[in-house]
Amino acid sequence: MKRLEWQPDLGRIVIRFSYDPLLVAEVKKIPGRQWHRDQKLWSVPLDSVGEAARILMPLGFDPAPEVERCLNGEVEGLAGIGEQVAEAATPSDQVNAGWSVTRLNETVRDVLQSSVPETIWLQGEVLEFDRNRQRDHIFFKIVEKVEGEDRPRASVTAVLFLRNKDRVLKRFAETETDLADGLQIRVQVRVDLYVQNGSYQVVVEDIDPTYTLGEIAQRRERIMAEIRKRGLEQQNLSIPWPLVPLRIGVLTSPDSDAWKDLIHELRGSGFAFEVALYGVHVQGERTEREVLEGLKYFEQRAAEFDVLLLVRGGGSRADLMAFDSLPLALAVAQHPLKIMVGIGHQADRSVLDDLSHSEKTPTAAGQQLVQQVSGFWQRVRDQGARIMIGARHRVDRCRADLNGSRSQIARGTSLAMLEQRRRLQLQASGLESAAAGQLGEARGTIRASRQRLSSGTARVFRVAADQRSGQEGRLQASATLQLARERERLAARQVQVRGADPQTILARGFAWVRDQSGHTIGSHAGVSIDQKVTVRFVDGVVDARIEATRSDSSVGLSSR
């Protein structure tokens, strides 16, 4: 039986037919159709009776007399059908004519559905979705809020039935965003009233993800506009990197992969990082409060840390909304520590990414810290290498200067000794010539005197002889004295020459120290620990190794 009937308890046109999926598909085309699970039938509102007749009567449906009169215009609307049914009712029906709760709720539902278009686009903020997301049918609230006020101005219960759940959520997820509390959404809904408990609700049929993304972007822009207004946009970014950032503060969840990845990267570097973790939630409604508390904690201990990291693992764009907060933005922008954040993906950014040094993942944040320390260590090594090279060149120049000085001293000593020998030889020759001349002159005088005495008296002879003897004695004494003096001078010169001889210097207790290359070592600065040296004494050579060196200006050069 295929029939269209008026049912007063429902206040609707009932469609009766044996189950046929093709007929069900046609019924679903009728505006305002409703499936009554308890009675196992379909119904449509009175204002859809014309459309129902157009679709169903060609398929073999027969209208009841009251429905046919409505279609023919003999009665008008719900009141006309009600009068018609009342006229046909028996007295007992009139006595018992009271409305059931079902009829009341369905009538109100019909009025709602007839007063509002079949579907409308509704926009507002999502609440209570997270705690119900695992259910087959998800019930949540869509609320209207006024900026600056905590309490919603208005709210409505929404339901996402299982038949639409996967399609709606999948479409929303195509924008790499999960539907979650706190998001502004624009959804296509159908107004409904659940007859069983009389609750008014809207049924979600579709969603506009681009609206949500636009709202997220506008929210971020409003926060950044306020930050720019206060002149804080570059304040934390302008804090220079510490020379060696080894003392690291971290804000993240202790059980998260973000913490594990970060600490693995730092420990694997081999550098002595000191890491302090302050555990916080990194998504959900507790995120803002706990992160603000963590920022305050590290602000009070800023002198104990070099850098502060705020990191979290993967997630949707909606998860980043917890970080798009004006209080968080102000706290990060004005924080005394250099802040590095790693809370998103390659294509996602939060407000905090624009206010501090941004790395996309915790691993990348750890690599940045390792790179900073590694760069400093490399600069230290380069500087040490330059110092070593400079010192080696300086030592080589000093060694060359010492070798040159040693050669000059040796040549100078040899030349001085030769010059002294020549002078002594000249002086000896002069002394011999002078002595020979004086002796020759004395002999001539003696001969002359002898000739004069030979012609004189004996007395004169004796006097002359005495005089000659006296003169010879004086001359001999004078010559002897002069020769003695010259011999003393010659001996002194020879002593000086022998004193400058290296062999003589060694004999006085000094030693000649040379390295393995045979170069003379003239200063303790020219040796190094464990260096092998050769020590030459007057009577032999000793091989030695340097155990220690020291500078002692009190050390004298005495051979004693």
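Every number here is computed from the coordinates shown, using simple stated rules; none is lab data. Here the structure is a predicted model, which is why all the values come from computation and not from measurement. Cβ placement follows ideal geometry from the backbone for every residue including glycine, while neighbour counts extend to all protein chains displayed.
The table that follows gives values for the structure above.
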| read-out | value |
| --- | --- |
| Principal-axis tilt of helix 162-173 within the chain, Cα atoms, nearest 10 degrees | 30 degrees |
| C-alpha long axis of helix 209-229 to longest principal axis of the chain, angle in ° | 50 degrees |
| Intensity falloff of region 234-289 expressed as log10 I(q)/I(0), Debye formula with alpha-carbon point scatterers, at q = 0.14, 0.21, 0.23 Å⁻¹ | -0.51, -0.94, -1.00 |
| Region 320-403: Rg to Rh, with Rh as the Kirkwood radius over Cα pairs | 1.41 |
| When each of Lys141/Lys170; Lys338/Lys360; Lys2/Lys40; Lys40/Lys165; Lys145/Lys296 is checked by Cα-Cα distance, pairs over 26 Å | Lys145/Lys296 |
| Per residue, the convex hull volume that the Cα atoms of region 277-420 enclose (Å³) | 155 Å³ |
| Contact order normalised by residue count of the chain, Cα under 8 Å, 6+ apart, percent | 7 percent |
| Value at 222 nm in deg cm²/dmol, rounded to 500, when DSSP H runs of n ≥ 4 in the chain each add -39,500 (n - 2.57) | -16000 deg cm²/dmol |
| Semi-axis lengths, Å, region 116-207, gyration tensor of Cα atoms, sqrt of 5 times eigenvalues | 18, 18, 13 |
| Region 196-275 shape via C-alpha gyration tensor axes, a/c threshold 1.5 | oblate |
| Protection-proxy order for peptides 2-9, 431-438, each taking the mean of Cβ atoms within 10 Å per residue, highest first | 2-9, 431-438 |
| Highest-first arrangement of 382-390, 29-37, 161-169, where packing means the average Cβ count within 10 Å | 29-37, 161-169, 382-390 |
| Where N is the number of residues in region 224-360, Cα Rg divided by 2.2 N^0.38 Å | 0.98 |
| Cα gyration tensor shape of region 501-560, rounded if a/c is under 1.5, else prolate or oblate by comparing a/b with b/c | oblate |
| Percent of alpha-carbon pairs separated by more than 18 Å within region 405-500 | 62 percent |
| Convex hull volume per residue for region 473-520, taking Cα atoms only, in Å³ | 62 Å³ |
| For region 361-416, projected area of the alpha-carbon convex hull averaged over all directions, nm² | 3.5 nm² |
| Added length on full extension, which subtracts the Cα-Cα distance from 0.36 nm per residue, Val116 to Gln496 | 123.7 nm |
| Ranked packing of 182-194, 270-282, 394-406, 355-367, most packed first, by mean Cβ within 10 Å | 355-367, 182-194, 270-282, 394-406 |
